[in-house]
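Notes for the one structure printed next.
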Amino acid sequence: MTEADGKGSPARLRVVLVDDHALCRTGLSDLLRHRGQVEVVASLGDADRVGAILREQQPDLVVLDLRMPEVDGLTLLRRLRAEGVQTPAMILTMSDSEADLAAALRVGVRGYLLKDMEPEDVIASIERCARGELVVAPSMTLKLAQMLEGGPSRSSERRDQLASLTERERQILEHLARGESNKTIARALDISHDTVKLHVRHILAKLNLSSRVEAAVFAVEARIEADQHHR
């Protein structure tokens, strides 16, 4: 994992890319290398050496294509986890399928991005993910919200859960829905980073959720229902 260097400046983020399309892999690698805080330590076209490279390099993040000829990204990730390789993973794909997103989240990916996103947005999202944030393409967050949206009983349960939050927790939930980091939220609300972390833990516990992505989806669903109610 990266640490700050001796001069106090942020250390470069270390990323491994796995994609069978050479043009996509090379293009993304070149873009990331031109960013000051990203170092592509390996760029691989197949799954054969991924486990060995991750164990050797210990990167901050591995970016996986979803569809590859010999083994898909999620199957590869399951194999890596079974072998004890716990490198955080992000999916970068052309698939905007709700089923693929749900399957990826179940495997435990830290991010799910689409290849048709703007290059700068992809790069920024990879950087955020490598620093520990959970990141989903904005269009996929909405799709996941629609996919998970339940009937009246689920809506009532969601309203009850939302009512259990304090005003500050609701504010932080809205920031989570925008994909903001704890540091960004702390600056926006003029509170400490540790205080934000504590509030996020309380929010997840009260809403019976396990991740920031789920919290963001919850907030989007609640906003959709509120909009529908006021029409």
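The values are calculated or read from the model by the stated rules, or taken from the named source; none is laboratory data. Just so it is clear, the model here is predicted, and its values are computed rather than measured. Note that each Cβ is placed from the backbone with ideal geometry, even for glycine, and that neighbours are counted across all protein chains shown.
Taking region 184-198 as the range and being out of contact with any His (no Cβ under 6 Å at 6 or more places or on another chain) and either within 21 Å of residue 110 (Cβ to Cβ) or assigned to a loop (DSSP other than H, G, I, E, B) (or both) as the test, the residues that pass are 184, 190, 191, 192, 193, 196, 197. Within region 94-113, the set of residues being within 17 Å of residue 78 (Cβ to Cβ) and assigned to a loop (DSSP other than H, G, I, E, B) comprises 108, 109, 110.
Selection of region 23-40 for residues being in a strand (DSSP E or B) and either at pLDDT below 85 or buried (at least 18 other Cβ atoms within 10 Å of the Cβ) (or both) yields 38, 40. Here the condition is being in a loop (DSSP other than H, G, I, E, B), loosely packed, with under 15 Cβ neighbours inside 10 Å and over 15 Å from the mean Cα position of the chain (by Cα); of 20, 116, it holds for 116 alone. Residues in region 2-15 include none that are at pLDDT 85 or above and more than 19 Å from residue 56 (Cβ to Cβ).
Tell me, which residue of region 139-164 that is in contact with a helix residue (DSSP H, G or I) (Cβ under 6 Å, 6 or more places away or on another chain) and not in a helix (DSSP H, G or I) is modelled with the lowest pLDDT? Ranking the qualifying residues of region 139-164, first place goes to 149. Taking the numbered list (1) outside any helix (DSSP H, G or I); (2) without any contact (Cβ under 8 Å) to a residue 12 or more places away in the chain; (3) under 20 Å from residue 113 (Cβ atoms) in turn, residue 210 passes all entries but (3). Looking across region 119-138, the residues that are touching a residue at least 12 places away in the same chain (Cβ under 8 Å) and either in a helix (DSSP H, G or I) or in contact with an Asp or Glu (Cβ under 7 Å, 6 or more places away or on another chain) (or both) come down to 119, 122, 123, 125, 126, 127, 128, 129, 130, 138.
Among the residues of region 45-74, those identified as modelled with pLDDT of 90 or more, more than 17 Å from the chain's Cα centre (by Cα) and not acidic (Asp, Glu) are 50, 51, 52, 53, 54, 55, 57, 58. The sole residue among 200, 135, 217 that is surrounded by 15 or more Cβ atoms within 10 Å (Cβ to Cβ) and at pLDDT 85 or above is 200.
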